[in-house]
Amino acid sequence: MKLHFLKPLLAVSAVLMMGQSLAETKVIRAGTEPTYAPFEFLDENTNSIGYDIDIINEIAKKAGYEVEIVRCPFDGLIPALMTSQIDVAISGITITSERKKKLDFSTPYYHSGLTAVILKENADKYAKIDDLKDKKICGQIGTTGLMYAEKISKESKAFNTNPEAYMELKSRGCEAVITDKPVNDFFLSKAPKDHFVALDDVVEAEDFGIAVRKGNDEMLKIINDGLAELEKSGKLKELYKKWFFE
Amino acid sequence: MIKIQGLHKSFGSHEILKGIDLEVNKSEVVVVIGPSGSGKSTLLRCVNYLEVPTAGKIFIDGEQIEPSTNINRIRAEVGMVFQHFNLFPHMTVLQNIMLAPLKVRRQDPKEAETQARELLARVGLSEKADAFPDELSGGQQQRVAIARALAMRPKIMLFDEPTSALDPEMVNEVLDVMRDLAESGMTMMCVTHEMGFARQVADRVLFVDEGQILEQGTPEQMFSNPQSERAKDFLSKIL
Amino acid sequence: MFDLELIFNSLPLLGLGALVTMEITAVAVAFGVCIGLFIGIAELSSYAWLRLPAKVYVDFIRGTPLLVQIFIIYFALPALIGMRIEPFVAAVTACSINSGAYVAEIFRSGIQSIDRGQREAGRSLGLTWGQTMIFIIIPQAFRRIIPQLGNEFIAMLKDSSLVSVIGFEELTRKGQLIIASTYGSLEIWTAVAILYLIMTLSISRLVAYLEKKFNTKKVS
């Protein structure tokens, strides 16, 4: 049996091992799924950017750490945290009591306000989010928006990413997409102007937190101290303005 | 050279060989005849353990065959030629002949090639060394198959209906090679329907029917004066 | 309506994804061929302790969706072994194990299709079972199964899109990520489909060429 097909494998595993040893320097490995613009998404050069990314970078800088962004699907973040493959997860994660059982959360760094995007042709039908009660509503799995949709309608439908939910709306598969206001605003800024509108109504919902492994108090302290400082210095507000259409 | 004692072979509940005792001496040429389904091919295939006997003992050159220990070594001493040639289609004629000497005998490649070319010359196919089997006629393929078996320098050659799959005009070129081989003193066991060949070359003819050796003798005795009714019946149909 | 510029701008990234897709497919099929060869032979073994586990493996893999196998390896297995598995490792493992089962069936039928006389000729010359397999049966079987192996390669290439669910950034996932910030579903999925098509067509050409080369010239 010829063995040269193993060579690329060896090369790959060598690279993987190098990645491992790099992780032993003073680095915060931050897991995120960059499909939630403007919280986390990719720029043209495939770098992860967004509000969350800036926040973790600021916190790390203050504490003297480097940040290694680990891209990972949303459902993979919690397993990755629990097995110490990443140190923190920052991915627009809503603080829920269910998640608190498995993870520790930082103090909230984002106060969630939900909006609904609908088709412009339906603009007359709905004034408030709660007018969508028992209508078909789409959202992204695991997000506050979908949780709210499920609360007011049994007809809610979950997609893996938000853009898929918008496509469903576009093809009239549902009446509305409910998600965080900045996410909807970012979408509206990119979408054809005459197609979609957002309802003016904003619903308060649970806050976002940065998750760490349960019992990792050292990391939790670094994060909370950093957030407090960002809050105090006004940096948090600055980032908010930078990324969100306020 | 070959000694068979109390050989039985069953496939499931169907008993093909029902107690065969046979001795073949060095340089003897034994031709096995009999109706189809009589067990003559199975008898031949038991000699090199392509079929594992249900009961009985087989000795090759004084050594008993024990499948667990020496089967490959003994098979190397027993050449076999098949009805359908069974040449290896992905190899050239030369590679076909050299494979076993290289892999089993661990012969030097140069030496193996020289020997292979000599054998090809002996079966009259020198110019076909680099051809592939499917570029040859049936008769040529069977001659290559004989050369391939001879490359192991076997002490015994088994022929399982070597001419049955051939067009009639090719039968003789194969029989000629076999005749030469017999004259050179090879110990041979042949299952064949070529009675002319049997008459000319065989030292002894066995008549096998329903899993037993019913009758045996010199070709003269067997063909002109068969004793059993079944042998008479069989011979009257094919002679 | 159709934003060509978006496609043009995304091409480098999608091309990178296509390379990753090729890589994972090639590695998975290479492993798959090794696994498949052994499992295929084990399936034909006269020893039940070899044959039965091989059969269970093949039945389990072919009887469950690749997507579920990927979920098991990426999400369920870490809970069992207490260690997270890198998306690349999980993706390669899932695809290799999956491919192995299909290749095993291809090898099994390929080996079975070789005339019994070939094996007997080999054994009658004193070659061992292993030598007969390596020098006589497998080379012939291999030539015969090149088209099926090519089909498996193409099937694997397409199925590898499923590893996007664990965030492994191959072509499909790259497309998903680009859409997440550009919302260009129509353009990006069209481009992704065309890239897959280019790859699968190239492979079938290559397979046709190999088949011709092996089966007419008989280079050994």
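The values are calculated or read from the model by the stated rules, or taken from the named source; none is laboratory data. Computed from a predicted structure; not experimentally measured. In this analysis, Cβ positions are derived from the backbone assuming ideal geometry, glycine residues included, and neighbour counts consider all displayed protein chains. Side chains are part of the model used for accessible areas, which takes the heavy atoms of the whole protein and leaves out ligands, DNA and RNA. Shrake-Rupley method; radii C 1.70, N 1.55, O 1.52, S 1.80 Å.
Going by a ≥ b ≥ c, the root eigenvalues of the Cα gyration tensor, does segment C:46-162 fall in the rounded group (a/c under 1.5), the prolate group (a/b larger than b/c) or the oblate group? All intermediate terms of the calculation are to be shown ahead of the outcome.
Numbers: a/c = 2.93, a/b = 2.02, b/c = 1.45.
Judged from the Cα gyration tensor, segment C:46-162 comes out prolate (a/c at least 1.5, a/b above b/c).
Taking every residue in B:80-92, how many Cβ atoms of other protein chains lie within 10 Å of its Cβ, on average?
Mean number of neighbouring Cβ atoms from other chains: 5.
What is the helix-to-structure angle for C:138-159, meaning the angle in degrees between its Cα long axis and the longest Cα principal axis of chain C, kept from 0 to 90 and rounded to the nearest 10?
The two axes meet at around 20 degrees.
At a Cα cut-off below 21 Å, give the lysines reachable from B:Lys110, other chains included and same-chain residues fewer than 8 away excluded.
Within the straight-line cut-off, B:Lys110 pairs with B:Lys128.
Need one word for segment A:112-205: rounded, prolate or oblate. Basis is the Cα gyration tensor (sqrt eigenvalues a ≥ b ≥ c); a/c below 1.5 gives rounded, then a/b vs b/c decides.
Note, shape of segment A:112-205 comes out rounded.
Once each part is reduced to its C-alpha centroid, what is the distance from segment A:173-227 to segment C:69-138 in angstrom?
What the calculation gives is 47 Å, centre to centre.
Quick one: which of C:140-148, A:96-104, C:22-30 comes out on top by average Cβ neighbours within 10 Å, and what's the full order, highest first?
C:22-30, C:140-148, A:96-104
Between segment A:81-115 and segment C:151-220, how far is it from one alpha carbon centroid to the other, in angstrom?
If we compute the Cα centre of each part, the gap is 36 Å.
A:His195 versus B:Gln64, label points 7 Å from Cα toward the beta carbon: distance in nm?
Label-label distance for A:His195 and B:Gln64, simple model: 8.7 nm.
Per-residue mean of other chain beta-carbon atoms within 10 angstrom of the beta-carbon, peptide C:113-124?
6
Quick one: if the Förster radius is 56 Å, what FRET efficiency do A:Ile141 and C:Ala48 give, using the C-beta to C-beta distance and rounding to 0.05? Intermediate values should be presented prior to the final figure.
Details: r = 46 Å, r/R0 = 0.81.
Between A:Ile141 and C:Ala48 the formula returns 0.80.
For segment A:117-228, with all protein chains present and a 1.4 Å probe, just round the carbon and sulfur fraction of the accessible area to a whole percent.
On the way: 2520 of 5200 Å².
That share works out to 48 percent.
In square angstrom, what is the accessible area per residue of segment C:84-220 with a 1.4 angstrom probe?
39
By average Cβ neighbour count within 10 Å, what is the ranking of A:224-230, A:139-145 from highest down?
A:139-145, A:224-230
What is the mean number of Cβ atoms from other protein chains located within 10 Å of the Cβ atom of each residue in peptide C:178-190, rounded to a whole number?
Shielding by partners across C:178-190 averages 5.
Give me the net charge of B:Asp21's neighbourhood, meaning all other residues with Cβ under 11 Å from the Cβ of B:Asp21; Lys, Arg count +1, Asp, Glu -1.
+1
Please list the helices of chain B that count as membrane-span-like by this rule: a mean Kyte-Doolittle hydropathy of at least -0.5 together with Cα atoms stretching 15 Å or more along the helix axis, each helix being a complete DSSP H run.
Going by DSSP H runs, the hits are B:93-103, B:138-150, B:168-183.
Segment B:1-25 to segment B:129-178: how many Å between their Cα centroids?
Going from one Cα centre to the other spans 27 Å.
Going by Cβ distance under 4.7 Å, what cysteines of the protein assembly as shown have no possible disulfide partner?
Isolated Cys, the protein assembly as shown: A:Cys72, B:Cys46, B:Cys190, C:Cys34, C:Cys95.
Among C:101-111, B:11-21, C:149-159, how do they line up from the highest to the lowest mean number of other beta-carbon atoms within 10 Å?
Packing proxy ranking, top to bottom: C:101-111, C:149-159, B:11-21.
Report, ordered by chain and residue number, the lysines lying within cross-link reach of B:Lys40, taken as a straight Cα distance under 29 Å and ignoring same-chain residues fewer than 8 apart.
Filter leaves B:Lys3, B:Lys9, B:Lys18, B:Lys26, B:Lys57, B:Lys155, B:Lys232, B:Lys237.
Could you look at segment B:139-239 and say what percent of its accessible area is carbon and sulfur, using a 1.4 Å probe and all protein chains?
41
Suppose every K and R has +1 on its Cβ and every D and E has -1 on its Cβ; what is the size of the dipole of segment B:93-239 about the Cα centre, in Debye to the nearest 20?
Using only the charged Cβ atoms, the result is roughly 580 debye.
Which aspartates and glutamates, if any, have their Cα less than 15 Å from the Cα of A:Lys237, not counting same-chain residues under 8 positions apart?
A:Asp52, A:Asp54, A:Glu58, A:Glu229, A:Glu246
Skip the ligands, DNA and RNA, and give the accessible area per residue of chain A with a 1.4 Å probe, whole Å².
Counting only protein heavy atoms, the per-residue value for chain A is 49 Å².
Nearest 100 Å² is fine: how much accessible area is buried between B and C, summed over both sides, with a 1.4 Å probe?
So the total buried area for this chain pair works out to about 2000 Å².
What is the helix-to-structure angle for A:217-233, meaning the angle in degrees between its Cα long axis and the longest Cα principal axis of chain A, kept from 0 to 90 and rounded to the nearest 10?
50
Per DSSP H run of n ≥ 4, the term is -39500 (n - 2.57); total these for the protein assembly as shown, divide by its residue number, and report the mean residue ellipticity at 222 nm rounded to 500 deg cm²/dmol.
Rounded to the nearest 500, it is -16000 deg cm²/dmol.
In a shell of Cβ-Cβ distance under 11 Å around B:Glu66, excluding B:Glu66 itself, what net charge do Lys and Arg (+1) and Asp and Glu (-1) give? Please report the intermediate quantities before stating the final value.
Values: positive: B:Lys57, B:Arg73; negative: B:Glu63.
Overall, the nearby charge balance is +1.
For the pair C:Ile134 and C:Val89, what calculated FRET efficiency results from E = 1/(1 + (r/R0)^6), where r is the Cβ-Cβ distance and R0 = 30 Å, to the nearest 0.05?
Result of the calculation: an efficiency of 0.45.
Can you tell me which of B:Ser68, B:Ser224, B:Ser36 moves the most in a GNM of chain B? Springs connect C-alpha atoms under 10 Å apart.
Ranking B:Ser68, B:Ser224, B:Ser36 by mean-square fluctuation puts B:Ser68 first.
If the limit is 24 Å between Cα atoms, which of A:Lys170/A:Lys241; B:Lys103/C:Lys213; A:Lys157/A:Lys241; A:Lys190/A:Lys242; A:Lys101/A:Lys135 go over it?
A:Lys170/A:Lys241; B:Lys103/C:Lys213; A:Lys157/A:Lys241; A:Lys101/A:Lys135
How large a share of the accessible area of segment C:4-219, in percent, is made up of carbon and sulfur atoms when the probe is 1.4 Å and the other protein chains stay in place?
C and S fraction of accessible area: 71 percent.
Using protein heavy atoms only (no ligands, DNA or RNA), what is the total accessible area buried between A and C, 1.4 Å probe, nearest 100 Å²?
Values: alone 13200 and 12350 Å², together 23040 Å².
Approximately 2500 Å² gets buried when A meets C.
For A:Ile152, what charge total do you get from the other residues with a beta carbon under 13 Å from its beta carbon, if Lys and Arg give +1 and Asp and Glu give -1?
-1
Note the angle between two axes, namely the Cα long axis of helix A:51-63 and the longest principal axis of the Cα atoms of chain A, as a number of degrees from 0 to 90, rounded to the nearest 10.
Between the helix axis and the principal axis of chain A, the angle is about 40 degrees.
For the full complex of protein chains and a 1.4 angstrom probe, list C:Trp49, A:Trp243, C:Trp189, C:Trp129 by accessible area with the highest value first.
The most accessible residue leads, giving C:Trp49, C:Trp129, C:Trp189, A:Trp243.
Can you figure out the FRET efficiency of A:Lys237 with C:Cys34, using R₀ = 56 Å and their beta-carbon distance, to the nearest 0.05?
Values: r = 58 Å, r/R0 = 1.03.
Rounded to the nearest 0.05, the efficiency is 0.45.
Would you mind calculating the relative contact order of segment C:129-220 from Cα pairs under 8 angstrom and at least 6 residues apart, reporting the percent as a whole number?
RCO, segment C:129-220: 35 percent.
Note down the magnitude of the dipole of segment C:4-219 about its Cα centre, charges +1 on Lys and Arg C-beta and -1 on Asp and Glu C-beta and zero elsewhere, to the nearest 20 debye.
In debye, rounded to 20, segment C:4-219 gives about 880.
Which residue, chosen from A:Tyr148, A:Phe244, A:Ile210, occupies the Cα position most advanced towards the positive end of the dipole of segment A:98-246, where the dipole is computed from +1 (Lys, Arg) and -1 (Asp, Glu) charges on Cβ about the Cα centre?
Positive-end residue among those listed: A:Ile210.
Under 8 Å for C-alpha pairs, at least 6 residues apart: give me the relative contact order for chain C, rounded to a whole percent.
Contact order relative to length: 31 percent.
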